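Only the coordinates and a few stated rules stand behind these numbers; no lab work does. Not measured: the values here are computed from a predicted model. Here the Cβ positions follow ideal geometry from the backbone for every residue, glycine too, while neighbour counts run over all protein chains shown.
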Amino acid sequence: MKKAINWKFTIVLLLIGFMIAVQYNTMEHPKERDTRDIWAIRQELAEEKKIHSELLTEIRDLDRTISSYRTLSESSTGQALKDTVDKLHKKAGTTDISGPGFTIEVRPSVESVAYGIPITSISSDLLTRFVNEVNRFKGIHMEVDGKRYTMMSSIRVINGATTVNGLNVSTPPFTIKIISPTMSDSEKLYNYLLASSIHDDFYLDNLVLEIHQPERDITIRGYPDKFKNLYLKELPKGE
Amino acid sequence: MTMWLPLLGLLLGISLGLLTDLQIPQIYSNYLSIAVLAALDTLFGGIRAHLQQIYDDKVFISGFFFNIALAAGLAFLGVHLGVDLYLAAVFAFGVRLFQNIAVIRRILLTKWSDRSKVSETKVQE
């Protein structure tokens with residue numbers, strides 16, 4: 001009799017334990033359903049493919065650099081290194097650069113002038129939005145009101161004034177210069193910006209963007225300061 | 001020694017549930033939680049009955065399944081009527097759970113004090 005009770009108790013407890021564990025599982029790790037439809041998945045696939053192709057391009061570039069090191073004779077290794085350093089400087093934006101591009105003039109809107117609305121400096125949010133909009137395109141160089149915008153640049157508000165690289169952006173009108181790798185890239189960006197909704201965002205702040213036609217030769221200044229190197233260290237010679 | 005068998009069953013059930021990584025849809029988790037409560041209530045009721053020597057197999061097993069079904073049914077009805085009827089089940093089972101556990105505690109306490117009295121009298125003898 002006693003044994004029979006124990007067996008039944010055991011089975012009931014097993015069931016209870018199982019139920020508790022399942023309930024615990026359900027509460028702890030709610031299953032996330034994949035609710036993407038076919039187009040969302042296709043879009044993600046396209047993005048991955050884009051990254052794939054970018055990586056391949058980069059690999060090809062690096063391969064070319066390696067082969068150029070190999071083909072150069074011993075004496076001109078220095079030259080090859082110098083070329084690489086120059087390339088890196090150019091990429092980092094420390095050198096003056098010229099190429100196909102266009103200028104954009106930021107002006108107060110006609111309506112705001114007519115109504116006599118005081119002209120204020122461009123807001124940092126709007127400038128950041130603009131930079132993000134332009135940065136959809138790869139390999140571009142940008143200068144905002146004479147300040148070179150690089151990977152290390154920051155758009156901040158300091159004492160109420162919007163700054164790029166810590167220098168004040170003057171109240172409108174000021175110019176923004178953008179250089180693209182090729183003339184056709186420049187035209188593409190120009191057309192994109194013409195149709196972009198960024199105009200509406202500027203107009204809300206009583207500003208208008210006047211985008212000029214792409215030109216063959218636009219020059220922008222380099223980043224004047226030295227980059228701080230926090231992570232890389234020089235190895236002692238012979239090691 | 002025989003006390004360990006049910007405990008082993010509980011552990012086995014928990015580990016089985018955790019290892020299979022079984023999950024039920026979020027909308028049914030309400031039913032399961034109330035079923036767990038009903039099962040616990042029946043279990044403690046069973047233990048109490050056992051200690052009071054009025055334990056009956058049929059009552060225990062039928063109570064276990066019937067209470068679970070009733071609780072889940074009540075919750076189901078509540079969902080469809082728009083009244084949180086499962087709260088009634090939670091309340092009822094919760095109160096009974098506490099009562100049962102209190103009775104079990106009292107019985108165990110009396111047993112324990114009886115035993116210590118017996119040992120005291122033995123020492124005095």
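For the residues A:89, A:141, what sequence is obtained by ranking on other C-beta atoms within 10 Å, fewest first? If you can, show how the numbers build up before the last one.
Values: A:89 14, A:141 22.
By the 10 Å Cβ count, ascending: A:89, A:141.
Here is the size of region A:97-220 from its Cα atoms: Rg then Dmax, 14.1, 42 Å. With respect to chain B, whose longest principal axis is taken over its alpha-carbon atoms, helix B:57-81 is tilted by about 30°. Electrostatic tally near residue B:113: other residues with Cβ closer than 12 Å to its Cβ, Lys and Arg +1, Asp and Glu -1, net +2. Highest GNM mean-square fluctuation among A:122, A:220, A:51, for chain A modelled with Cα contacts below 10 Å: A:51. Largest mean-square fluctuation among B:114, B:21, B:57, in a Gaussian network model of chain B whose springs join Cα atoms under 10 Å apart, belongs to B:21.
Among A:59, A:176, rank each residue by its count of other Cβ atoms within 10 Å, from fewest to most, as a rough exposure measure. Show your work: numbers first, answer last.
On the way: A:59 10, A:176 23.
Arranged by neighbour count, lowest to highest, A:59, A:176 become A:59, A:176.
Neighbours of residue A:145, meaning other residues whose beta-carbon lies under 15 angstrom from its beta-carbon, give a summed charge of +3 when Lys and Arg score +1 and Asp and Glu score -1.
How high is the relative contact order of region A:97-220? Use alpha-carbon pairs under 8 Å, at least six apart in sequence, and give a whole percent. Don't jump to the answer; show the numbers that get you there.
On the way: 213 pairs, mean separation 59.6, N = 124.
Once normalised by length, the contact order is 48 percent.
Over region B:23-124, the Kirkwood radius and the radius of gyration, each from Cα atoms, give a ratio Rg/Rh of 1.19. Computed over chain A, the percent of Cα pairs more than 21 Å apart is 73. As a proxy for reagent exposure, ranking A:221, A:70 by other Cβ atoms within 10 Å from fewest up yields A:70, A:221.
Count charges around residue A:50 for me, please; just the other residues with Cβ under 15 Å from its Cβ, Lys/Arg as +1, Asp/Glu as -1.
Numbers: positive: A:42, A:49, A:136, A:138; negative: A:44, A:47, A:48, A:54, A:58.
Local net charge: -1.
Eigen-decomposition of the gyration tensor built on the alpha-carbon atoms of region A:98-164 gives equivalent ellipsoid semi-axes of 24, 16, 10 angstrom, largest listed first. Here the Gaussian network model covers chain A, with springs between Cα atoms less than 10 Å apart; of A:177, A:147, A:82, A:82 fluctuates the most. The helix-only estimate of mean residue ellipticity at 222 nm for the protein assembly as shown, built from DSSP H runs of length n ≥ 4 each weighted as -39500 (n - 2.57), is -20500 deg cm²/dmol after division by the residue total.
Pairs A:91/A:177; A:90/A:138; A:49/A:177: which exceed 21 Å Cα-Cα? Each step should come with its number before you reach the end.
Numbers: A:91/A:177 17 Å; A:90/A:138 15 Å; A:49/A:177 31 Å.
Too far apart for the 21 Å limit: A:49/A:177.
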